[in-house]
Each structure stands twice: as C-alpha cells, then as structure tokens.
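Working notes for the structure below.
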Amino acid sequence: MSTYQRVSDVMFEVWGGSAVIYNIMSGNTFLIEKFPIYILEYCLLNDFIDIKELVLSPDSEDEIIDSQYIDDILNSFIKMGFLEEIE
Amino acid sequence: MSNKKVDIYNELTTSGLIVKVGVFKYRICSPLPILGNSISVLYADYELSEYNDCSGFVDFHVLVKGIGGCFSALSRKAQFFVDDQAPFNALPKQHAPAIIEWGMNWCISSQINSHLIVHAAVIEKNGKAAVLPAPPGSGKSTLTASLIQEGWRLLSDELTIIRLDNYYVSPNPRPVSLKNESIDVIKDKYPNVVFGPISTDTSKGNVCHIKPPKLSVINQHIESPITWVIFPKYQYQSKTYLTEYNKAKALMDIAENSFNYSRLGRQGFIALRNVVDNARCYQFQYSDLDEAIETFDSLGS
C-alpha cells in the first residue's frame, strides 16, 4: 500500500455532507459532496497519509471502505493538487 | 452632504462633476447633452460637487465623449474613457446614458481589490441585507426594482461590495438597470418611479435606468451585515418557491459570480466562507412579483 504526502496548504469548510476546499498554493476552489468527512480531514490535516490508517479507521465502521475506494479518493486529491504519492 | 447647488451641465462640460456613491468618488466629464439629462434626473439626490471644490481623493476619472466626427457634436458614436483609456468599443451616441452606467460598474469590478466584489444585487431591511447573485436574465434587477419600491433599501443593483474585515456590505446604490419587458413591468406597477432616458437597440436590447429611492441614497453610508444569500430565477408562469440551498454550493456559486475572488486569494475565500457561514442561503424561483414581494417581506419581518 502506498503512502502519500500532502503538498499543498489548504483551507476548507464543511457544511452538512459537503465541503469546500481552497488550495492556497494554486488558488483553486473545489466543491466536494457525498464524501466521508473524516477522510477529508485526515488527508488535509496530516502531512503524511497512510492508507492502512484510513482503511482501519475506527470512524469508518458505518462506511463501506475498501482500499480501492480510498485509492480513488486519494487520486482525486492528487488531481486537485493536494497530495502526491511518495512510495 | 454638500449644500451648494451644482450646475451639472456646466461641470460635466468643464472641469468635471464629482459624484460620491458609497465609498467611491467619480469625476465625470462629458460634452454630450444626453448624458447631462440622464445625470440630472438619476443623480439628483446624490452628493454632487464641482471638481475644483472637491477635497480628497477621486477614485475614478471618467469621460464619455463623441468620436468619429470632425466635431464632437456631429459624431454618431460615444466612447467611455477611464484615466484616458478606452476599455470598450464606441457605441451609438444615444446609448451614452447606458454607457456611463456600464462604465462606472466596470471601474469597480475591474479595479477594486480592497473589497470582495460580487455580481449581485443587494437590498436591506431592518438592518439585514439580502444578497441576490444571479447571471443576466434571471430577473434580478426587476425583482430589485420592485423590492426597493416596497420598503427595502437599495444597497446595489449590480455590484455587492463586501468588506474584507467584517464582511458587511458597503452600499453602492446607483440607478437600477432595467431591460426590455422589465421597463414596462415596473412602469405599470410603480407609475411614480423616475426613469432616465431609454437606450434602444443596445447589445442587451432596450435599457433604461431608474432613479434609486432618495432614502437609499441618503443612507448610502450605512453598511449592513449579510443575513441572506438568495439566488433568484424568474421562470415564466412558475409558482413561487423559496428553498434552502446547500452552503457549500452557495459559496461556489457566489465565487462564480465574483469579479475578484481569485485575485484576492486566501482573503477572498475567508470572506466568502464567513459570508456563507453567517447567512441563510436559498434558491428562489418566481414569476409573480406580488408573491415575490410577499416572500421577501416574510423574511425581512
């Protein structure tokens, strides 16, 4: 399983099940909907992201979390310029 | 407010007429009589002064003059200048009343970065402001023109100017722009409303501005917190719907309608986040103006 590094400073706000993320470095703003907020917070508030921690997160018991789903999310974050894969 | 009677035509054709709108001062020069007529009607209640008597900084030096003829009086086209630059193509001279209003909007939307500028009308009642962001054709100005005849204070018809320190709206109550059918709708419903000259066959169709209520002009120094963000949409024969709108989507939509959100960077995001967080956000669909007024009054009461 890969490890990811956060490469952008971001600001974000969560309202209900939606979030708006502002990438301070690029100036881009993103709307994220229908998304597990704990994953968003974990990815955007930590410098390094370990997939194992996400999959095994105790907060995830109500969610159907598998590594493919997590991969898809992390790839989205890479496209948005928040993360990069480091191994 | 200045008590001195200003000769508008004379100032426009000589050193310039100073018009103070909200926190901005314009110096307007023009030799075109049609513009003098328009300003005399629409800006009668504003703080006007002569350029030579003006103290302090003038934000925008604007000029509308005839071009394309040997003499200005013979020219068929008029062009807007700000600081001696012409940002737009010349248009038929009879469009001068619309040209000056569009140009004055452009000054703020393209040059001001001390505030967050959003393409939205904004009105106020009981100290609470409702921001109405919407693209052209959504019925925003017709709704605004109607609401300001029904006791709402006009803060702006076109540009919502949001302070970056406390996120209050800084009023910018200029004449309200009406287009095409909306002109007759407002004329029929409010016969006492004062209209400026009509500019026919512009790129937006027929355009006419109405004079803002005197109280909105007198109280243009009173800022207001944003209580509601309402996205209006006129839909022919629609019932009236006011539905709660997701705040995250509302933020994205306001950003889309903002002129300088990107230029402001982090400050812009922080401002919008605070605006949206502290406001109730709605989508509003209507076709009947009376029902629309009722809906807004129930919010404002």
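What follows draws every value from the coordinates through simple rules; no lab data is involved. These figures come from a predicted structure and were not determined experimentally. As a convention, Cβ positions derive from the backbone with ideal geometry for all residues, glycine included, and neighbour counts pool all protein chains shown.
What to note about this one:
- Theoretical FRET efficiency, 1/(1+(r/R0)^6), r = Cβ-Cβ of B:Ser110 and B:Ile218, R0 25 Å, to 0.05: 0.30
- Degrees between helix B:247-256 axis and first principal axis of chain B (Cα, 0 to 90, nearest 10): 20 degrees
- Dipole magnitude of chain A, debye to nearest 20 (Cβ charges: Lys/Arg +1, Asp/Glu -1, about Cα centre): 320 debye
- Student exercise, chain B dipole from Lys, Arg, Asp, Glu Cβ charges, in Debye to nearest 20: 380 debye
- Charge dipole of the protein assembly as shown about the Cα centre (unit charges at C-beta), most positive-ward option of B:Ala271, B:Ile67, B:Gly127: B:Ile67
- Farthest towards the positive end of the charge dipole of the protein assembly as shown, among the residues B:Thr227, B:Leu12, B:Ser301, is the Cα of B:Leu12, using unit charges on the Cβ of Lys, Arg, Asp and Glu.
- Using 0.36 nm per residue and subtracting the Cα-Cα separation, the extra length available between B:Ser55 and B:Asp288 on full extension is 79.2 nm.
- Between A:Val55 and A:Gln68, the simple label model (points 7 Å from Cα in the Cβ direction) yields a spacing of 1.3 nm.
- Restraint check, B:Lys140/B:Lys187; B:Lys128/B:Lys239; B:Lys5/B:Lys25, Cα-Cα greater than 24 Å: B:Lys128/B:Lys239
- Using distinct alpha-carbon pairs, which all enter the 1/r mean, Kirkwood radius of segment B:113-162 in Å: 10.9 Å
- Trypsin sites (Lys or Arg not before Pro) restricted to segment B:200-249 and DSSP loop, no more than 16 other C-beta within 10 Å: B:Lys204, B:Lys239
- The distance between label points at B:Asp201 and B:Gln235 comes to 3.6 nm (points 7 Å beyond Cα on the Cα→Cβ vector).
- Given charges at Cβ of Lys, Arg, Asp, Glu: the protein assembly as shown dipole, positive-most of A:Leu83, B:Ile112, B:Phe81: B:Phe81
- C-alpha center-to-center spacing [segment B:104-151, segment B:246-283] in angstrom: 15 Å
- Degrees, to the nearest 10: B:96-111 long Cα axis against longest axis of chain B: 60 degrees
- log10 of Debye I(q)/I(0), alpha-carbon scatterers only, for segment B:1-117 at 0.11, 0.15 Å⁻¹: -0.34, -0.63
- Compared with the dominant principal axis of the Cα atoms in chain B, helix B:289-300 is inclined by about 70°.
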